[in-house]
Structure formats: C-alpha cells, structure tokens
Amino acid sequence: MSRLLRRNSSQLRLLLSSGGQVTRLASSSSSSSSSGEVEPPTSTAQQEIRKPKRQTPPLVPDSEIKKSVFISQSSDVFTNLALEDWLYKNFDFSHHHVLLLWANDPCVVIGRHQNPFTEANVSRLVERGITLARRNSGGGAVYHDLGNLNCTFFSPRERYDRKYNLNIVTRALFREWAIKAEINDRDDIVVMDKKISGTAAKLGHPNSYHHCTILASANKLHLGESLVKEPANYISRATASVPSPIRNLVDVNRTVSVPQLRSAVGYEYLRTAATSLEDGGNTQTMKQRGFQLINPTEKWFPGIEELRSNYSSWDWVIGKTPKFTVQKDLDVKGDDQDMKLKLSVEVEAGLMKEIGIQLPQSDQLVPVVTPLQGKPYNEENLNGIVGALKLVSASNVKQAINGSA
C-alpha cells in the first residue's frame, strides 16, 4: 500500500536544484492571510503609484490534479510541525494535492496566538513528560498522543475548501464503520453531540493548509488533566480555547484503530475528485499517486532541522506568548488578623517584568523585590513568590505600603 517518496520525483528535483538550495514556492504568512504586495516605495512620486494587485492564478482543471497521501514516520511533535511547515513553504500544490497523516507522542499543542498558561498547567506537563508545542496556525489547544490521528490537507490558496476536507473524514467514518458523524457550526466533527475532531488552518499565497485531529483511542484521563490551568486570575487577550465534551471513536465502535483510520481516511481522499465531493471509486484511486511513507529528515527535506529547532525553542513555545498579567490572592498573617493581599505579575515575552502586591480594595501596586524578576514565568516560579510572601508579616507589608504612598 505504501511506497517511499522517491528523491528523483519532480517535486524534490525542483527543491534540490541549484546546488541543494531550497526554492521557496510560498511565503510565510499569518494564519488568516498574507498580503504578498511589493514593499512600499520611498519617494513621493513613487508613493502615488498604486501597488499591483495579486493576480489569481488560473484554476487547474480537476482532471489535471493528482493526489497523494503522505504518512509521516515520525512521532515527534516538533519534527511533524516542521514537516508540515516545510511542505507549506516549499511544495508546489497547483497540480498535486496532498493529505499528510501524522501522530505524535503525548503532547499539548496550542495555537499560534494562545497563552499556554491559560490552556494548561505547563509545570505539570513537564513533570509528567508531556511535551508542550506551539503550532503556526490559529485555533485552540489540543492534546495529542498515539491514539489521535492528525490530518493536514494541502492545496493552493484558491482551492482551499475546509468543508470538502471535513466531509472526507465523515464519509470515511461512515464507509468503514457506519459511524454517523456531523460537522457543526464551529467546523468540529461530532458524533452524538460530542467532539471527535477540532480544526484550524493557515492561509497564505500560493499555498494553504487545513488540519484537524481525529480522536480514535486517546488517553482521556491524560487529556483532561493536561488541559487544566493553575488556579489564578489570568488577564490576557490571547485566543482562548472553547471547551467541548469529547468522545473517542472506540467508544462508538470498539474495532476502530489508528492504522485502520489512517487507511480509511487516506483511501477516501484518493477516491474523491480533487475539487468536488464526487466519489470516483477504484477508478479514481488508480489515477492518483497513492500512499507514500515520509521520513522527515534533512536528507530528504533540506532545512527541516532548522525548522524543527525553531519550533522546539523556548522563544517560540513560551516567548511567543502575548503579553498577560496573572493575579493570585494570598493571606499574610498578622498579630490581630490576617491581611488579604493580591499578587500581580506582568509577563511579557514569557518573562516576569513587573511584580507587585496590592490590597483588595486598592489600586496601589507595591513593587516586590525578588531575584525572580526578569526570569521566565511558570507556575512553579509563581508559587515560589507566593510562598515567600506568606512568610512576610502583615506589619512589614503595611510599612511597605505606607512607605510607597
């Protein structure tokens, strides 16, 4: 069923031309769109010249489009995110649409614009050996393990069709197991009102991709525990996930497995016309390029190691977090009665910039002197500050407040 991606294929010959230098076919862009326009002119006369509009390439006839199913042989989340990004930036999908299927070892993957500390307990993930990753598309936080199948549908921007992709999945589930799945108004796939698949996308020029998860037999206990944040008040403009009740497909049909699911979704993709949900059966399947095992290494994908290094870096996973403030209530013991205070920590680029305390009914913020200022924010450091403040007497706190007034 599977065959290795040949190095002398037309795609890789193009990418490995010019002495091994990668020819970039797509610009890196935001998850919504990319302008792709020329740089603004500097002279006054040039400023009056209108920027040229991007010309939409002519649509390739359906009969000229081939399809492949790529299966990643890696279960490392950073490698798979790098592979996804490499294909998006370097592959020509105009005549060749691709479905990438991949699965990861236990990890939590957040959206590009999310705050990991409002989506999960990052310190607890580290303790349990669950990797935290940030993808390059929008959307919410998801838990991955080897019981979860990830699907990435690649196409040119003008052929982007999220509903088409989701219908490939629902049709595969019905054809293989007679599971009736529906697509809700959030583009989640649900079975009996419980979510089995979430979705996100990245739209650029000339390429785009839409990816989704499919819960087959994921560890629901780890899933629930991984997506629980530290009890504190987070003030953040980052994109927040929308919690939904979830269901594994094995809860509906115990014969479902990830290998079988991979085969079912892959064959449904190959037997369906490229631009419409027309079932071409075996005749359509035989016209395609079939299943191809992908080994995401530097030898086959020049530059992928650098991409992986970027995705696994602290600067990307944590440092990319939008600015936020976390507040936590604490009691300081006094001679007569305890004093209730509020700890406030301002975090920018993942670092604790401003740390202070204030009385519950006061806007006055008293700076806290601590060696943790300027250090990376995490739940362990936050609780370290709280623990130290609890050792301070209420009288000392009052003196500090009066001294700063």
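The values are calculated or read from the model by the stated rules, or taken from the named source; none is laboratory data. All figures in this text were calculated on a predicted structure; none of them were measured in a lab. Quick reminder, even Gly has a Cβ in these numbers, built from the backbone with ideal geometry, and neighbours come from all protein chains shown. With ligands, DNA and RNA removed, areas are computed over all heavy atoms of the protein, side chains included. Shrake-Rupley method; radii C 1.70, N 1.55, O 1.52, S 1.80 Å.
Before moving on, here are some points about what is shown:
- Cross-link table Lys89/Lys320; Lys353/Lys390; Lys67/Lys299; Lys202/Lys299; Lys194/Lys220, entries beyond 19 Å C-alpha to C-alpha: Lys89/Lys320; Lys353/Lys390; Lys67/Lys299; Lys202/Lys299
- By the Kirkwood approach, averaging reciprocal distances over each pair of separate Cα atoms, region 253-296 gets a hydrodynamic radius of 11.7 Å.
- Whole-percent pair-distance distribution, where bins are 5 Å wide, for the alpha carbons of region 171-284: 2, 9, 16, 19, 19, 15, 9, 6, 4, 1, 1, 0
- Fraction in percent of alpha-carbon pairs per bin - 5 Å, region 245-331: 3, 9, 10, 9, 9, 14, 15, 13, 8, 4, 3, 2, 1, 0, 0
- Highest to lowest packing among 64-75, 226-237, scored as the average C-beta count within 10 Å: 64-75, 226-237
- Formal net charge of residues neighbouring Lys353 (Cβ-Cβ distance under 11 Å; K, R +1; D, E -1): -1
- Charge context of Thr199, other residues only, Cβ under 13 angstrom, K/R +1, D/E -1: +2
- Translational diffusion of region 105-157, µm² s⁻¹ [Kirkwood Rh, Cα pairs; Stokes-Einstein; 37 °C; 0.692 mPa s]: 272 µm²/s
- Averaged over its residues, region 142-280 has an accessible area of 43 Å² per residue, based on protein heavy atoms and a 1.4 Å probe.
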